[in-house]
Amino acid sequence: MNKPKKMSCTYKLYISLITILIIIVVANSACSSGLSIGNRTSDTAHAFLVQSAQIIDEIDEATAPEGEAYLVIKYKIENLQNLSDSHRQWTDNITLEEGEEYYDPTFIESMENQLWEINLLEGEEKTGRIAFTVPEEIFDFKLTLTFPVSETEVIYQLYAIDERLSINVDWVLARLKEIANNKKIPLIGLVPNGSPIMYQGIALVPTGEVPQLFEDTKGVSDDEKRLVIEDYLIAHGHCVLE
């Protein structure tokens, strides 16, 4: 009788590597990172789209409590049904969390288009906002939407764009100081500044306007520089809701 051949070490190693790869693929599939801002999702009754997520300290007369800020999510809902969807409370279908913490929506009287309770006609879509009060040092959140008809859950991973005036001013001021220091180094100083001042993917100061803002803040105190930068950012639409 022929004895079964023993597996070689190379073959065992090959089988082990295949097993590990399968485990990694399965694990990655189970831990999907979710949808991003700009992604549209739907079931048979509704479509949903997160358009933006902003962190901001103040909305008109409403100022966030000390140590906290407002996370404002702008989103769009569309009725895909052949009948009206009457007065649905969409806030009941939206949850926001970070780690093990959950946050309830915050009603802000002066903020426009808060879709707390809306009526959608056949095929109609509406855009609105929902605000949450969150800790000021946290920027990334998970938003879960439960479609009301199918009860299907979808998850958006939100990397909120920070629009707070003080942080943006700090960022621009630090960048201008870098430019000033570079100009003191002969070789670097000969190279013109060819890039915008960016923060979290947003151009706070476009490339063509950096030299002028640098000149406007040169030779004055830091307090005066901050005032110039504040005026510039507000005039160019930063630190306000989209």
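Figures for the structure shown
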{"quantity": "Close pairs from the stretch 42-55: first over 15 Å from Glu163 (Cα atoms) and outside any loop (DSSP other than H, G, I, E, B), partner at pLDDT below 95 and small (Gly, Ala, Ser), Cβ under 8 Å, at least 6 apart", "calculated": "Leu49/Gly38; Val50/Gly38; Gln51/Gly38"}
{"quantity": "Residues of the stretch 115-136 classified as at pLDDT below 90 and not in a strand (DSSP E or B), total", "calculated": "2"}
{"quantity": "Complete set of residues in the stretch 192-225 that are in contact with a helix residue (DSSP H, G or I) (Cβ under 8 Å, 6 or more places away or on another chain) and either outside any loop (DSSP other than H, G, I, E, B) or at positive phi (or both)", "calculated": "Ile197, Tyr199, Leu204, Val205, Val210, Leu213, Phe214, Asp216, Asp222, Lys225"}
{"quantity": "Answer residue from the stretch 88-114, given it is part of a strand (DSSP E or B) and at pLDDT below 90 and is nearest to Tyr70 (Cα to Cα) among those", "calculated": "Gln114"}
{"quantity": "Qualifying residue in the stretch 113-121 (condition: farther than 20 Å from Thr41 by Cα, in contact (Cβ under 8 Å) with a residue 40 or more places away in the chain and in contact with a strand residue (DSSP E or B) (Cβ under 9 Å, 6 or more places away or on another chain))", "calculated": "no"}
{"quantity": "Which listed residue is under 30 Å from Trp90 (Cβ atoms) and free of Cβ contacts under 8 Å to residues at least 12 places away in the same chain, from Gly208, Gly237", "calculated": "Gly237"}
{"quantity": "Residue in the stretch 61-74 that is surrounded by the fewest Cβ atoms within 10 Å (Cβ to Cβ), counting only those that are touching a residue at least 40 places away in the same chain (Cβ under 8 Å) and part of a strand (DSSP E or B)", "calculated": "Ala62"}
{"quantity": "Odd one out for Leu145 among (1) out of contact with any Phe, Trp or Tyr (no Cβ under 7 Å at 6 or more places or on another chain); (2) in a strand (DSSP E or B); (3) touching a residue at least 12 places away in the same chain (Cβ under 8 Å)", "calculated": "(1)"}
{"quantity": "Candidate set from the stretch 193-228 (those that are hydrophobic (A, V, I, L, M, F, W, C) and more than 24 Å from the chain's Cα centre (by Cα)); member that is farthest from Ile56 (Cα to Cα)", "calculated": "Val220"}
{"quantity": "Matching residues in the stretch 75-124 - criterion: being touching a Pro at 6+ places or on another chain (Cβ under 6 Å) and surrounded by fewer than 17 Cβ atoms within 10 Å (Cβ to Cβ)", "calculated": "Thr91"}
{"quantity": "Test result for Ile161, under 16 Å from the mean Cα position of the chain (by Cα) and either closer than 15 Å to Leu49 by Cα or without any contact (Cβ under 8 Å) to a residue 12 or more places away in the chain (or both)", "calculated": "no"}
{"quantity": "Hits in the stretch 157-171 - residues which are not in a strand (DSSP E or B) and not β-branched (Val, Ile, Thr)", "calculated": "Ala160, Glu163, Arg164, Leu165, Ser166, Asn168, Asp170, Trp171"}
{"quantity": "Number of positions in the stretch 119-172 that are of a type in the set (A, V, I, L, M, F, W, C) and under 26 Å from Pro65 (Cβ atoms)", "calculated": "15"}
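The rows are residues; the columns are (1) within 25 Å of Gly38 (Cβ to Cβ); (2) at pLDDT below 95; (3) surrounded by fewer than 16 Cβ atoms within 10 Å (Cβ to Cβ); (4) not charged (D, E, K, R).
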| residue | (1), (2), (3), (4) |
| --- | --- |
| Thr144 | yes, no, yes, yes |
| Pro148 | yes, yes, no, yes |
| Leu165 | no, yes, no, yes |
| Asn168 | yes, yes, no, yes |
| Ala180 | no, yes, yes, yes |
| Lys183 | no, yes, yes, no |
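The values are calculated or read from the model by the stated rules, or taken from the named source; none is laboratory data. Treat the numbers as computed from the prediction; the structure is a model and nothing was measured. Virtual Cβ from ideal backbone geometry, glycine too; neighbours counted across all protein chains shown.
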